[in-house]
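> The structure's right below; bear with me while I get my questions together.
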Amino acid sequence: MPRALLALAIGAFGIGTTEFVVMGMLPQIAEGLDVSVSAVGLLISAYAVGVVIGAPTLTALAVRFSPRQTLLGLMVLFTVGNALSALAPDYPTLVAARVFTALAHGAFFGVGAVAARRLVPAHRASQAISLMIVGLTLANVVGVPLGTLLAQQLSWRLVFGVVAGLGLVTIAGLLAWMPPVSGERADLRSELVAFRRPAVWLVLGVTTIGCAAMFAVYSYISPILTELAGLPESWVTPVLAVFGVGATVGTLIGGRLGDRWGMSFVTGVLVTAAALLVAFALLARFPVAAIVLVVLFGAATFSLGPVLQNRVIEVARVPGGSLVSAANQAAFNVANALGAAFGAAALSAGLGYTAPMWVGVGLALTGAALALVAVVANRGRRPAGRTADHPAGEVPEPLRAG
């Protein structure tokens, strides 16, 4: 694999760390800025707002630039944002710095996916994207625990400083390894044409509904493990770490199998995820079974990411494809909010902690149905000689780097 993918993975690792590490540093930040823990918790919401705003806006503004130029600009923004977070003298400044940092998040993954798939032959596009996304999953396994420990032992400001350093490393890697012409330049009008295609909206629908199944359960995994499985609270963090390992493995597997089977793979994974959730709902009170099913569920759902990211670019059929790629990142964040909201509604109705699992079953099967529609629709127009359900059309030669 080209070394440029390593630079993208390091950037993804830094982004994933800065997004989630705040959850482990709430007490330290609250004490350092003399505010309540609940106020610091709003930093998480502020970051999400920045992601939603930044993904389409910055991608649209940068559409005339090459992916390399755009990625470098986004990493500069990311690095400056984390440096400002480390130096923030008060709470309002930290909120502003977090929003500023988050602007780069969705656009980086959207544009990065376009660049990654152009670095390899067409039949390895999903695999290339998975190697970038694996940086995000590893952030939950390595970056967040280490960042939390660093904040507890030394300073939360140092954590943001280290993440800013990762931004500098990513910039150096992009300058050294990313080809200057990686990807195709486009214009906003041609990028917007992609949204006229029903196939694009179908993939975005699968991302929104199918991935919401994961968040309907994952958002409440801590009380599920303690209240249903009877695990002590001290076990939750190790279980989530193992979940992260499963997610990392799933991402890599999804990249490989997704290149071969495309949306057919997505359909099968979502049906499998639904079956795992049914088993989870029935066996959640057995600790060993609960842990195993949580890990398998994480592996299954995270395997979808690289496949859907690659697929939405394929079906866009436009030069570049950065805008639809960023739109898929926005859809993933909508899935986060949607799944958590549906799970909360089920809990508020007094249906118990198995209710989010049944909500997840419904969402996963609905996503599977949408994916199946995409498979059937594509088979009707696929010419002979194409594998799986990849669309027809000229495929550019990979751009070598490193």
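The values are calculated or read from the model by the stated rules, or taken from the named source; none is laboratory data. No experiment lies behind these values; they were computed from the predicted model shown. Glycine also receives a Cβ, built like all others from the backbone with ideal geometry; neighbour counts cover every protein chain displayed.
> Kindly evaluate L149 against the criterion of being touching a residue at least 24 places away in the same chain (Cβ under 8 Å) and not small (G, A, S). Working first, answer last.
Working: touching a residue at least 24 places away in the same chain (Cβ under 8 Å): no; not small (G, A, S): yes.
Considered against the rule, which asks whether it is touching a residue at least 24 places away in the same chain (Cβ under 8 Å) and not small (G, A, S), L149 comes out as no.
> I'd like the full set of residues that are surrounded by fewer than 20 Cβ atoms within 10 Å (Cβ to Cβ), without any contact (Cβ under 8 Å) to a residue 60 or more places away in the chain, closer than 22 Å to A340 by Cβ and not aliphatic (A, V, I, L, M), limited to region 223-271.
Within region 223-271, T226, E233 qualify.
> Would you point out which residue out of G350, G250, G246 is under 30 Å from R379 (Cβ atoms) and either modelled with pLDDT of 90 or more or not polar (S, T, N, Q) (or both)? Step through it out loud before you land on a result.
On the way: G350 fails: under 30 Å from R379 (Cβ atoms); G246 fails: under 30 Å from R379 (Cβ atoms).
Selected residue: G250, the only one of G350, G250, G246 that is under 30 Å from R379 (Cβ atoms) and either modelled with pLDDT of 90 or more or not polar (S, T, N, Q) (or both).
> Given the options G262, G230, name the one that is on the phi > 0 side of the Ramachandran plot and in contact with an Asp or Glu (Cβ under 6 Å, 6 or more places away or on another chain).
Details: G230 fails: in contact with an Asp or Glu (Cβ under 6 Å, 6 or more places away or on another chain).
The conditions single out G262.
> Please count how many residues of region 317-371 are in a helix (DSSP H, G or I), within 23 Å of the chain's Cα centre (by Cα) and of a type in the set (G, A, S).
20
> OK, next. Can you go through V324, V315, V292, V288 and tell me which one is over 27 Å from M357 (Cα atoms) and out of contact with any Asp or Glu (no Cβ under 9 Å at 6 or more places or on another chain)?
After ruling out the rest, the residue left standing is V315.
> For residues that are farther than 25 Å from A330 by Cβ and either of a type in the set (D, E, K, R) or surrounded by 18 or more Cβ atoms within 10 Å (Cβ to Cβ) (or both), scanning just region 7-32, find the one that is modelled with the lowest pLDDT.
Pass one, region 7-32, residues farther than 25 Å from A330 by Cβ: 24-32.
Now drop any that are not either of a type in the set (D, E, K, R) or surrounded by 18 or more Cβ atoms within 10 Å (Cβ to Cβ) (or both), which leaves 24-26, 28-31.
On the way: G24: 71, M25: 79, L26: 74, Q28: 85, I29: 84, A30: 84, E31: 84.
Ranking the candidates gives G24 first.
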